[in-house]
1. Using only alpha carbon positions, build the gyration tensor of the stretch 328-459, then give the equivalent ellipsoid semi-axes as the square roots of 5 times its eigenvalues, largest first, whole angstrom.
2. Order by neighbour count: 382, 119, fewest other Cβ atoms within 10 Å first, most last.
3. Gain in length, residue 284 to residue 88, computed as 0.36 nm per residue apart minus the alpha-carbon separation, to one decimal in nm?
4. Rank the residues 184, 344 as a footprinting-exposure proxy: fewest other Cβ atoms within 10 Å of their Cβ go first.
5. Can you work out the base-10 log of I(q)/I(0) for the stretch 29-173 at q = 0.10, 0.17, 0.22 1/Å, using the Debye formula on its C-alpha atoms alone?
6. Would you list 210, 295, 395 from fewest to most Cβ contacts within 10 Å?
7. For residue 140 and residue 368, compute 0.36 nm times the residue count separating them, minus their Cα-Cα distance, and round to one decimal in nm.
8. Using every pair of alpha-carbon atoms in the stretch 85-158, split the distances into 10 Å bins beginning at 0 and state the percent of pairs per bin, rounded to integers.
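Only the coordinates and a few stated rules stand behind these numbers; no lab work does. Since this is a predicted model, take the numbers as computed values, not measurements. Cβ placement follows ideal geometry from the backbone for every residue including glycine, while neighbour counts extend to all protein chains displayed.
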C-alpha cells in the first residue's frame, strides 16, 4: 500500500469508526430508551415489515454503488444516469408496496401493519435521492463529511422519536424516526456535498454499470431474504412479542459486528478495487484485513455474550429478558460473519460479481433448510441453527479465495488461532465474575476483558495488536505535535 493510499485508508478507517460508533452509539442509546417505553410487540411490528424496506433499498441501489466504486473511468454521465434510474425505481417500488400492504397485514394477522408499511415506505423514495452522493463520498474516502451528516440526522430523528414515544405513538414513533432520518441525510447531502445531476441519461452507461451491478443486486436480494427469513417466519408462526425479542436481540450484536464490518467494507472495498490489477498487493491487504477483523470482532462478540444478561436487566428492563438467549447466540454468529463477508468483498473487488452471486445462491438452501428444521422447536433453536449456518457459510465464502489465491478457510483459521486463544483466555477470566449490581458487573467485565485480552495478545505476539498500537501511537504523536 503506497504512503498516500495508506494514509487515506487509516484516515478513512478512523472516521468510519467515529461515524459508526458515534452515530450508532447515539442511535443505540436512543433505542434503549425507546425499548423502555415501547412494548416488545410494537418493536415486533416494525421487525415484521423491515425486510420490505431493506429489499427496496437493495433494488434501488441495483448494485450501482459497488459498480461505480469498482469502475475506474466513471463520469458525470454515469452518476446522473444512476440518479434518475434510482428515482424512477423508487417511485415504482413505493407504488407496489402501497398496494400490497393490506395483504402483508393479512399474512401476519396484524391490521396495523397496513398503515405502518404505507407510511414507512415513503423513506424508499427519499433515500434514493442521496444514493449517488453517498457513493461519491465512499469513492473519495470522505468519511469525515459522512460522519457529520449522519450524526446530525440521528440526533434530530432520534429526538423526535423519543418525543413521539413518550406521547403514546408506539410503533409509529419508530416509523417517523426512519423517515425523518432519511429526510435529514438527503438535505444535508444536498447542502454540503453540492453535487447535482446533469439533465442526461445514458442507456450505454446504465447497461455497463448494470452488467456488474445486476449480479450483486440478485446476490444481495437473495442474501437479504436469507438473513431476514428468520424474522418473516417468526412473525408468521409466533407472536409479535417474540418477533420483538428476536429483532431487539439481533440489533444489539449488529451494532458491534455489522458496524465493524461496514467500517472495514466501506474503506477496504474501494482500496482493494483500486489495487485489483496488483495481485500481490491486493492479497496482502486482504490478509491483513481478515486478521484485523478477527482481532477486533472475536473478543467483542464473545465478550458481549457474558454481558447480555446484566445489560438487558439494567438497560432494557426485565420485560426484555427472553431476548438474552437470542443476543448470546447471535453474538456468536456475528463473530463469524464479518470474516466470512470479507471473502465476498475480495470476490467483488476483482470484478467477479458472477462468482459472488453463485456463492450466495449456494447458501440459500442451507439457510432455509436450517430454518425449517429449527422453527418448530422455538426461538432458541432458531438462533442456534443460525449460528451453525454462519459457520458453514464461512467455509463456502472462503472457497474461491482459497482456490484463486491459496488462502482458503483452513489457512484463515490457522492465521486466526492466536486471536482465538486470546479470546478463550479472556472468556475464562469473565466466567468467574458475578456481581449483583448490573451496571457494576458490566463495567468490571468490560475492563477485565479488555485488559486480559490485550495482555494475552501481547504475550502471543499477535501482529494485529502491534498494528493497532502503531496506529494509536501515531495518532497521539500527531495530536501532540499540533
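1. Ellipsoid semi-axes (Å, largest first): 32, 22, 11.
2. 119, 382
3. 66.5 nm
4. Ordered from fewest to most neighbouring Cβ atoms within 10 Å, 184, 344 come out as 184, 344.
5. The Cα Debye sum returns log10 ratios of -0.44, -1.06, -1.30.
6. Starting with the residue having the fewest Cβ neighbours, the order is 395, 210, 295.
7. Difference between extended and current length: 78.2 nm.
8. 18, 33, 30, 16, 3
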